[in-house]
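Right, one structure below, let's go through it.
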Amino acid sequence: MSTLCKPAVSVPEYVITMEETLEFAKKVHAGKPQLPLALRLIQKTGVRKRHIVQPIEKTLDHPGLEERNRVYEVESKRMTPPVIEEALANADVTARDIDAIIYVSCTGFLMPSLTAWLINKMGFRSDTRQIPIAQLGCAAGGAAINRAHDFCRAYPGSNVLIVSAELCSLCYQPEDDGIGSLLSDGLFGDAVAAAVVRGRGGTGVTLERNASYLIPDTEEWISYAVRSTGFHFQLDRRVPGTMEPLAPVLRQLATKHGWDVENLDFYIIHAGGPRILDDLSKFLNTDRHMFRHSWSTLTDYGNIASAVVLEALRRLFEENSVVPGASGMIAGFGPGITAEMSVGSWVGEDPQQQAAGTPVAAAVG
């Protein structure tokens, strides 16, 4: 069994509060008929603040796709190395122990992938597999966890590094004034996250079963229109209602594993917005408090796309309340409409290694 170890997460230094978001929206989109509704929807997100890679004034001054993609490259290369180093330390492995890197991002484009730069700059082996995922949006965090699990099953004893770099503020389009676009302007934040899935040993979530599901004929509900000015986010008003058809899919995954989805010990759920979490709690007949780590991620950072599940999981680790053997579920949702789901059990430190004081990285050699 592979184990998802404690993630590391970093957010940029610039902060914009909900109050500031509302004021900027009133200035930039003054007189737009959709603005009053958008302001009400932004207030209902529960997002207290977000972190962004540039001051908001600079973000509002759209310099064009070329410059924004340059900023994406500079910032992703600046922010990812320390987060990766922390994730490796959390898992008690080194760069040389990593057999594959899964890099997920939907907010910028590089070729070769950032994985090549990371391998060259951070001491990963030259035969490290590169698995970049660019078009699953917010679902990519769950997908990365599932593909890491699949890799470890295919190559027993392997270690996989997951890296998520989502600089959502670089996709802001000041000329777009549709409700979906205006809502996204007050919802999404920037973050970089990383975690290691170990094929042997480790503390965290032992991944036991995963699944993917696409709601038929919904591929246009969340999308990018790619134009000369970059990525224009498009959000259908029906998206918040997607938990009703997806809840039975999550229930089925747990049932196949012999578990009751209503009575798991922890839930790491993508915080796409408040209704997503509220509806999933209702349809799974689960106490809202069980989603507290997703709620707090949304409140403190906004929707940080594929990094949400890693940040919510980091908060679960920090809470230090889960006992070995506890059952849980991880789920990410995104364009498609796609769901990436997994179930697993909590595993604590190996008492023999802990007593012997032997580093796990040395033990797996």
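Hey, can you tell me all the residues within the range 144-161 that are in contact with a helix residue (DSSP H, G or I) (Cβ under 9 Å, 6 or more places away or on another chain) and either farther than 22 Å from Gly334 by Cα or surrounded by fewer than 24 Cβ atoms within 10 Å (Cβ to Cβ) (or both)? Selection gives Gly157, Ser158, Asn159, Val160. The residue that is surrounded by the fewest Cβ atoms within 10 Å (Cβ to Cβ), among those in the range 220-256 that are of a type in the set (A, V, I, L, M, F, W, C), assigned to a helix (DSSP H, G or I) and in contact (Cβ under 8 Å) with a residue 40 or more places away in the chain, is Val249.
Taking the stated definitions as given, is Val322 of a type in the set (Val, Ile, Thr), more than 20 Å from Ser164 (Cα to Cα) and crowded, with 17+ Cβ neighbours inside 10 Å? So Val322 fits the description; yes.
Of the set (1) more than 17 Å from Ala307 (Cβ to Cβ); (2) in contact with a Cys (Cβ under 9 Å, 6 or more places away or on another chain); (3) not small (Gly, Ala, Ser), all apply to Gln43 but (2).
Please go through the range 162-212 and pick out each residue that is assigned to a strand (DSSP E or B), of a type in the set (Val, Ile, Thr) and crowded, with 21+ Cβ neighbours inside 10 Å. Across the range 162-212, the qualifying residues are Ile162, Val163, Val192, Val196, Val197, Val205. Among the residues in the range 185-201, are any at negative phi, within 20 Å of the chain's Cα centre (by Cα) and modelled with pLDDT under 90? Within the range 185-201 (the criterion being at negative phi, within 20 Å of the chain's Cα centre (by Cα) and modelled with pLDDT under 90), the answer is yes, since at least one residue qualifies. Taking the range 130-156 as the range and being β-branched (Val, Ile, Thr) and either over 9 Å from Glu340 (Cβ atoms) or free of Cβ contacts under 8 Å to residues at least 24 places away in the same chain (or both) as the test, the residues that pass are Ile131, Ile133. Within the option set Arg78, Arg68, being closer than 30 Å to Glu20 by Cα and open to solvent by less than 60 Å² (accessible area, probe 1.4 Å) holds for one residue only, Arg68. For the range 287-319, the candidate set comprises residues that are open to solvent by 10 Å² or more (accessible area, probe 1.4 Å) and hydroxyl-bearing (Ser, Thr, Tyr); within that set, the residue that is farthest from Ala87 (Cα to Cα) is Thr299.
The sole residue among Thr94, Thr115 that is surrounded by 21 or more Cβ atoms within 10 Å (Cβ to Cβ), modelled with pLDDT of 95 or more and among the β-branched types (Val, Ile, Thr) is Thr115.
The values are calculated or read from the model by the stated rules, or taken from the named source; none is laboratory data. What you are looking at is a predicted structure, and each value in this text was computed from that prediction instead of being measured. Neighbour counts are summed over all protein chains in view; Cβ atoms, including those assigned to glycine, are modelled from backbone coordinates with ideal geometry. SASA here: full protein model, heavy atoms, side chains in, ligands and nucleic acids out. Shrake-Rupley method; radii C 1.70, N 1.55, O 1.52, S 1.80 Å.
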